[in-house]
Amino acid sequence: MENLEKYIQDNLEQFNSGEMPQGHQERFLAKFGELQAQEEKRAAARPRRLFSRRSLFTASAAAAAIIIALFVTLQQESEEKYIIGIQELAQEMYMEEAEILQMLPEDEHMMINSVKSITQEAIPLTEQLPDELSPEKRAEILREYYKAKTAGLKRIKTLYAQSDQIID
């Protein structure tokens, strides 16, 4: 194979300098015309399609992209709805904390620390939840979490208020 390549490269001028044999162009065009006629017959025999496979594939891909985009948008909207609900519950918890801290004298360090231990988190629960959870499941867990904390703060507030009344 290398010998053939070398021979062609060494004699390249001879290959390009010669004239084509007489009638070559006519024979080539005749064969080309025959091939075109055969292809036209095959095309006529095939059933006509309104859309090509490529255009059907493109349309299908575009439709899938639109559906995915719509699904992602709806999912983001539902996630935002859940986030707002969770933020409201967290805000309620912090309001309860603020009310209790206002009730407590400054020297009640044990009570202040107890209240803050309920509301403060070294690592927020949202960061601890696995990513595989659906937004609905994450929201459900967080709702229950903040409801439980708020209920605990309300119990502390009630008990502190009752103990203050008993002392008076």
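The values are calculated or read from the model by the stated rules, or taken from the named source; none is laboratory data. Keep in mind it's a predicted model, so treat the numbers as computed, not measured. Here the Cβ is made from the backbone with ideal geometry for all residues, glycine too, and neighbour counts use every protein chain on show. SASA here: full protein model, heavy atoms, side chains in, ligands and nucleic acids out. Shrake-Rupley method; radii C 1.70, N 1.55, O 1.52, S 1.80 Å.
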Can you tell me the dipole magnitude for region 110-161 around its Cα centre, using point charges on the Cβ only (Lys, Arg +1; Asp, Glu -1), in Debye to the nearest 20? 500
Accessible solvent surface per residue of region 93-141, calculated while the other protein chains remain in place, 1.4 angstrom probe, Å²: 70
In what order, largest first, do Glu34, Glu13 sit by accessible area if the probe radius is 1.4 Å? Glu13, Glu34
Computed over region 107-157, the convex hull of the Cα set has an average projected area, in nm², of 3.9
Theoretical FRET efficiency, 1/(1+(r/R0)^6), r = Cβ-Cβ of Leu29 and Lys6, R0 30 Å, to 0.05: 0.30
Using only protein heavy atoms and a 1.4 Å probe, report how much of Met20 is accessible, in Å² to the nearest 10. 120
